[in-house]
Amino acid sequence: MKRRELLKRLREAAEQRGMALEFVRSGGRHDIYRVGDYRFPVGRHADIPELTALKTIKEVENL
């Protein structure tokens, strides 16, 4: 999945729960984002592995 698509889907999932996707900081090869109290890394690669992307989206949807 493309990084832009992943961030779009995460933003939509957060908004459905009345929260916002917030950028926290940059790491070595990943950026750290937050939805509520849940923090997670998102790689700064153009393509994110599909299973990783889907797991991250599912975690945000289950908040």
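The values are calculated or read from the model by the stated rules, or taken from the named source; none is laboratory data. Just so we're clear, the structure is a prediction, and the values are computed from it rather than from any experiment. Using ideal geometry, Cβ is built from the backbone for each residue, glycine included, and neighbour counts are taken over all protein chains shown.
Looking only at the range 23-45, count every residue that is more than 14 Å from residue 58 (Cα to Cα) and surrounded by fewer than 13 Cβ atoms within 10 Å (Cβ to Cβ) and tell me the total.
9
If you go through the range 46-56 one residue at a time, how many are surrounded by 12 or more Cβ atoms within 10 Å (Cβ to Cβ) and aliphatic (A, V, I, L, M)?
3
I need a count of the residues in the range 1-51 that are part of a helix (DSSP H, G or I) and out of contact with any Lys or Arg (no Cβ under 8 Å at 6 or more places or on another chain).
Looking only at that region, the number is 15.
Can residue 31 be described as among the charged types (D, E, K, R), out of contact with any helix residue (DSSP H, G or I) (no Cβ under 9 Å at 6 or more places or on another chain) and modelled with pLDDT under 95?
In short, no.
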